[in-house]
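Below: the structure, in structure tokens.
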Amino acid sequence: YFRSGADFQECLETIEFLKNLKDLRGDKTTALNIHTTVSIYNVNLLGEIRDYFKLNFPEYTTSHRI
């Protein structure tokens, strides 16, 4: 509902691109963060969302906003 028309696979590719760019540049100062917008549609899935990104993209921190 919030990201109507968004393609999750494209989002994952962008996340991977940014991680690789940081690695390529040898950047030690740029923080990478996955930020989830909380709604009634995903509030019960926040743990799963956090765990998914920690497992697949450990370089990123995670946060959310209600």
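Could you give every pair whose Cβ atoms fall below 6 Å, whose first residue belongs to the stretch 1-22 and is closer than 18 Å to Thr36 by Cβ, and whose second residue is open to solvent by 80 Å² or more (accessible area, probe 1.4 Å), counting only separations of at least 6 or pairs across chains?
Pairs found: Lys19/Glu59.
Got a number for residues in the stretch 25-66 being within 11 Å of the chain's Cα centre (by Cα) and part of a loop (DSSP other than H, G, I, E, B)?
5
Mind listing whichever residues of the stretch 6-21 are open to solvent by 40 Å² or more (accessible area, probe 1.4 Å), closer than 18 Å to Ser63 by Cβ and not aliphatic (A, V, I, L, M)?
Matches in the stretch 6-21: Cys11, Thr14.
For the stretch 22-38, which positions are within 17 Å of Leu55 (Cα to Cα) and not hydrophobic (A, V, I, L, M, F, W, C)?
Of everything in the stretch 22-38, those that are within 17 Å of Leu55 (Cα to Cα) and not hydrophobic (A, V, I, L, M, F, W, C) turn out to be Asn33, His35, Thr36.
Per-residue answers, yes or no, for (1) surrounded by fewer than 10 Cβ atoms within 10 Å (Cβ to Cβ); (2) among the aromatic types (Phe, Trp, Tyr); (3) modelled with pLDDT under 95:
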residue	(1), (2), (3)
Arg3	yes, no, yes
Leu24	yes, no, yes
Lys28	yes, no, yes
Thr36	no, no, yes
Ser39	no, no, yes
Val43	no, no, yes
Phe53	no, yes, no
Ile66	yes, no, yes
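The values are calculated or read from the model by the stated rules, or taken from the named source; none is laboratory data. A quick note: this is a predicted structure, and the numbers were derived from the prediction, not measured. Every residue, glycine as well, gets a Cβ built from its backbone with ideal geometry; the counts of neighbours run over all protein chains shown. Surface areas here come from the heavy atoms of the whole protein model, side chains and all, with no ligands, DNA or RNA. Shrake-Rupley method; radii C 1.70, N 1.55, O 1.52, S 1.80 Å.
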